[in-house]
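Everything on this sheet refers to the single structure shown next.
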Amino acid sequence: MSDYMELALKRQSTRQFADKPVEHEKLVKCVEAARLSPSGCNAQPWSFIVVEKPEVVAEVAKTTMQLGINEYIAKAKAFFVVVEEYAQLMPKIAKIVHSQYFAKGDLGAVSLSLCLEAQSQGLGTCMLGIFDRPKLRELFDIPKDKDIFIVIAVGYPSSDQVRTKDRKPLEELVRFV
């Protein structure tokens with residue numbers, strides 16, 4: 001089995017974090033790996049806020065505990081806040097598509113890169129789509145013209161057990177022609 005396939009099989013949404021801080025160097029390495037992600041026209045429409053100070057981590061955790069869900073996030077030891085930036089496209093491309101045409105796909109790729117690098121270092125992550133955007137904007141002084149794409153909780157998993165992945169069968173997802 002390839003190293004990548006092994007990594008993909010082990011990566012899962014961590015919902016139980018150990019009471020162990022995440023080393024700053026590991027967070028930096030995650031962002032370093034993510035910034036190498038591909039993007040349409042090499043626009044790199046992203047920036048990252050790495051949250052590691054315990055008092056700020058607690059504030060971010062509170063913003064993700066909406067609708068009575070995500071209580072487990074209170075034990076995360078760090079967060080990545082992925083912010084959508086303006087995509088500077090090549091003039092030829094910009095004439096036919098909006099500047100953010102490729103951005104959502106690019107942001108998905110960069111988010112997964114963060115998570116896979118974290119996994120390779122023994123960290124667990126959980127991508128969170130529900131969070132209090134106005135509160136995060138205020139907390140990090142993010143302008144209204146920028147979107148907060150996703151919040152990713154980070155920490156050491158409390159267990160090494162990998163859950164069985166419940167995925168659609170390959171036959172339902174692909175067509176070879």
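FYI, it's all coordinate maths here, none of it is from the lab. Note that the structure is predicted; figures quoted are calculated from it, not measured. Don't worry about glycine lacking a Cβ; one is built from the backbone with ideal geometry, like all the others, and counts go over all protein chains shown.
When both segment 97-170 and segment 25-51 are represented by their alpha-carbon centers, they are found 11 Å apart. The mean sequence distance of close C-alpha pairs (under 8 Å, at least 6 residues apart), as a share of the length of the chain, puts its relative contact order at 34 percent. Size estimate for the chain follows the Kirkwood approach: the inverse of mean 1/r over distinct Cα pairs works out to 17.4 Å. Counting Lys and Arg as +1 and Asp and Glu as -1 over every other residue whose Cβ lies under 15 Å from the Cβ of residue 59, the net charge comes to +2.
In order along segment 142-149, the Karplus-derived 3J(HN,Hα) couplings, from 6.51 cos²θ - 1.76 cosθ + 1.60 at θ = phi - 60°, round to 8, x, 5, 7, 10, 9, 8, 6 Hz, and Gly and Pro are given as x. Once backbone amide H atoms are built at 1.01 Å from N, residue 125 has 12, 14 as its partners under 5 Å, excluding neighbours fewer than 5 places away on the same chain.
Which trypsin sites (Lys or Arg not before Pro) in segment 102-177 sit in a loop by DSSP (not H, G, I, E or B) and have at most 14 other Cβ atoms within 10 Å of their own Cβ? Show your work: numbers first, answer last.
Values: sites: 104, 135, 137, 144, 146, 163, 165, 167, 175; in loops: 144, 146, 163, 165, 167, 175.
Hits after loop and neighbour filter: 144, 146, 163, 165, 167, 175.
Under 10 Å, Cα contacts only: if you run a Gaussian network model on the chain, which one of 125, 63, 14 comes out with the highest mean-square fluctuation? So, out of 125, 63, 14, the one fluctuating most is 63.
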